[in-house]
DNA sequence: TTGTACTGTAATGATAAAAGTTACAGTATG
DNA sequence: CATACTGTAACTTTTATCATTACAGTACAA
């Protein structure tokens with residue numbers, strides 16, 4: 001799983017939840033997360049592609065949630081930021097002359113798939129709204 | 001979760017399972033995995049600390065499983081290699097002046113803990129022996 | 001009792017991935 | 001048309017990962 005992108009995305013979405021329906025600037029978001037605004041925009045761009053946020057260009061532009069926080073689940077955020085697989089699948093290039101090396105990646109893949117399904121089920125139980133409820 | 005260490009450890013343990021009760025050298029393991037022997041020894045050192053393998057120094061030395069493959073579970077391997085947490089916890093240093101930034105790491109932690117419990121339960125169902133059974 | 005084949009680990013260097021920074025074109029708004 | 005934003009590309013810096021070299025320690029076996 002990718003290092004800190006999940007945390008950054010959840011942080012962004014949490015701030016947008018508290019901003020209600022306001023268009024929030026990447027500068028402001030970057031200030032709370034304490035990272036570079038360009039990184040925030042990249043992450044927003046990804047969240048946008050996955051239908052979680054909307055952005056508006058131009059003066060008084062910014063971003064906001066694409067749907068109510070009660071309808072956004074942590075599993076969606078996970079799906080949005082994942083790129084490598086959960087446990088680091090397919091990074092090595094085992095020796096194909098070895099009977100184990102030749103087949104292990106396939107077997108690891110199916111192990112990972114099962115584990116990831118369980119993880120998604122768990123994250124799918126928590127909505128952004130519930131998560132934000134913890135701040136009160 | 002750490003990139004490829006889980007895969008390397010499972011690969012090592014699989015090779016040791018097929019080696020039956022032989023002491024297997026790090027050189028041989030490195031050949032199948034196609035990585036550097038020193039990295040293998042480091043990973044073996046970690047697996048040893050976690051009680052999963054035994055090593056013998058000196059000529060005709062090497063490593064073998066510390067217990068039968070039916071009694072080693074993927075959850076143990078996961079626990080052995082994890083260092084950072086699952087989803088990249090605690091990497092950012094959010095702005096403490098922001099009410100969200102100030103508390104988000106705690107809330108993320110509890111989210112991660114729950115998700116990880118589920119993941120461990122899933123990996124705990126698969127023994128090394130079962131995993132190795134797939135190669136036949 | 002000495003050569004050999006291993007482990008264990010530290011130190012260093014190379015490569016790759018992640019994050020920060022600068023820069024600037026594009027776009028709404030007033 | 002000035003302003004305050006977004007969206008991206010290009011470049012640099014930082015950090016993490018992996019490979020390599022080196023060598024001390026250990027057990028076996030001739």
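The values are calculated or read from the model by the stated rules, or taken from the named source; none is laboratory data. Remember, it's a predicted structure, so these values are computed and weren't measured experimentally. Glycine gets a Cβ as well: all are built from the backbone with ideal geometry, and neighbour counts include every protein chain shown.
In the range B:74-90, the condition of being more than 20 Å from the chain's Cα centre (by Cα) and not in a strand (DSSP E or B) is met by at least one residue. When the range A:31-52 is filtered for residues that are farther than 16 Å from residue A:7 by Cβ and more than 14 Å from chain B (Cβ to nearest Cβ), the ones remaining, listed by number, are A:38, A:41, A:45, A:48, A:49, A:50, A:51. Considering only residues in the range A:25-41 that are exposed (fewer than 15 other Cβ atoms within 10 Å of the Cβ) and near DNA strand D (Cβ under 6 Å from one of its atoms), the one that is nearest to residue B:99 (Cα to Cα) turns out to be A:27.
A quick yes/no check of all residues on (1) within 16 Å of residue A:132 (Cα to Cα); (2) at the interface with another protein chain (Cβ under 7 Å from one of its Cβ atoms); (3) more than 18 Å from the chain's Cα centre (by Cα):
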| position | (1), (2), (3) |
| --- | --- |
| B:100 | yes, yes, yes |
| B:103 | yes, yes, yes |
| B:108 | yes, yes, yes |
| B:111 | yes, yes, yes |
| B:114 | no, yes, yes |
| B:118 | no, yes, no |
| B:124 | no, no, no |
| B:129 | no, no, no |
| B:133 | no, no, yes |
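In the set (1) more than 14 Å from residue A:100 (Cβ to Cβ); (2) modelled with pLDDT under 95; (3) away from DNA strand D (no atom under 12 Å from the Cβ), the condition left unmet by residue B:54 is number (2).
With respect to the stated conditions, residue B:3 fails to be at pLDDT below 95, part of a helix (DSSP H, G or I) and within 14 Å of DNA strand D (Cβ to nearest atom). Here residue B:70 fits the description: in contact with a strand residue (DSSP E or B) (Cβ under 8 Å, 6 or more places away or on another chain) and in contact (Cβ under 8 Å) with a residue 12 or more places away in the chain.
For the range B:87-94, check the following and say yes or no: at least one residue is within 13 Å of DNA strand C (Cβ to nearest atom), more than 7 Å from chain A (Cβ to nearest Cβ), touching a residue at least 24 places away in the same chain (Cβ under 8 Å) and within 23 Å of residue A:74 (Cβ to Cβ). No: zero hits. Taken over the range B:9-30, residues that are without any contact (Cβ under 8 Å) to a residue 40 or more places away in the chain, more than 7 Å from chain A (Cβ to nearest Cβ) and either touching a helix residue (DSSP H, G or I) at 6+ places or on another chain (Cβ under 6 Å) or part of a loop (DSSP other than H, G, I, E, B) (or both) amount to 6.
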